[in-house]
1. What about S63, is it within 27 Å of Y142 (Cα to Cα), within 12 Å of the chain's Cα centre (by Cα) and in a strand (DSSP E or B)?
2. Do any strands (runs of 3 or more DSSP E) lying entirely in region 80-186 carry at least 1 residues that are within 22 Å of the chain's Cα centre (by Cα) and exposed (fewer than 13 other Cβ atoms within 10 Å of the Cβ), and which ones are they?
3. Against the condition of a type outside the set (G, A, S), modelled with pLDDT under 95 and outside any helix (DSSP H, G or I), how does D48 come out, does it pass?
4. Are any of the residues in region 63-74 at pLDDT below 95 and either loosely packed, with under 10 Cβ neighbours inside 10 Å or among the aliphatic types (A, V, I, L, M) (or both)?
Amino acid sequence: MGKAKKIIIVIVLVALVGGYYFYLSNFQGKEEETVVTAVQDVLLKNLDDDYPPTPREVLKYYSDITKCLYNENYTEEQLEQMADKLLALFDAELAENNPRDQYIMDLRDEVKEFEENGYSIMSYTVSKSTDVEEYTEDGRRYAKMYCTYSVQSGANYSSSKQVFILRRETETGRWKILGFDLVEPE
């Protein structure tokens with residue numbers, strides 16, 4: 001009888017260990033299914049209902065998308081969706097100068113060249129809210145601000161500073177990117 005008890009205890013312990021392993025395997029699998037990638041995260045933003053309210057927030061969202069374009073893996077469809085999100089942040093004047101199909105081709109080429117040269121965007125820093133220069137010209141509101149991108153190539157790090165001009169739409173009150181340019185180091 002003592003031998004039978006030992007066998008039953010061993011069987012119960014093996015069943016418990018096996019059940020626990022099965023539970024952990026399935027639990028971790030379910031967790032992984034709900035992980036949202038950086039690309040999916042930027043694409044989930046609905047700009048019709050949740051447009052960034054300030055020039056700084058517009059530039060942060062623009063930079064999040066840019067970081068995804070140059071750092072992450074994504075499908076061709078996701079590239080086009082990210083390009084559409086960027087175009088939605090552009091002022092009508094800038095968007096008009098960047099027809100969608102041409103913009104996507106140019107963007108694809110820039111990303112490919114960036115990748116071929118071994119670059120990646122490590123981080124970005126947007127001007128503080130207090131550093132945003134707002135002004136009015138011809139009855140329209142403008143904002144001038146800077147964003148510095150930290151770029152890595154192999155073991156080398158560098159920074160790229162860009163100046164952005166945003167213009168507030170009269171109809172919607174939304175801040176849109178009118179233009180941007182690289183700031184040359186002094």
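The values are calculated or read from the model by the stated rules, or taken from the named source; none is laboratory data. Computed from a prediction, not measured in an experiment: that's the story for all the values here. Cβ atoms come from the backbone with ideal geometry, glycine included; neighbour counts cover every protein chain shown.
1. no
2. Output list reads 119-126, 140-153, 156-168, 175-182.
3. It is true that D48 is of a type outside the set (G, A, S), modelled with pLDDT under 95 and outside any helix (DSSP H, G or I).
4. Yes - at least one qualifying residue is present in region 63-74.
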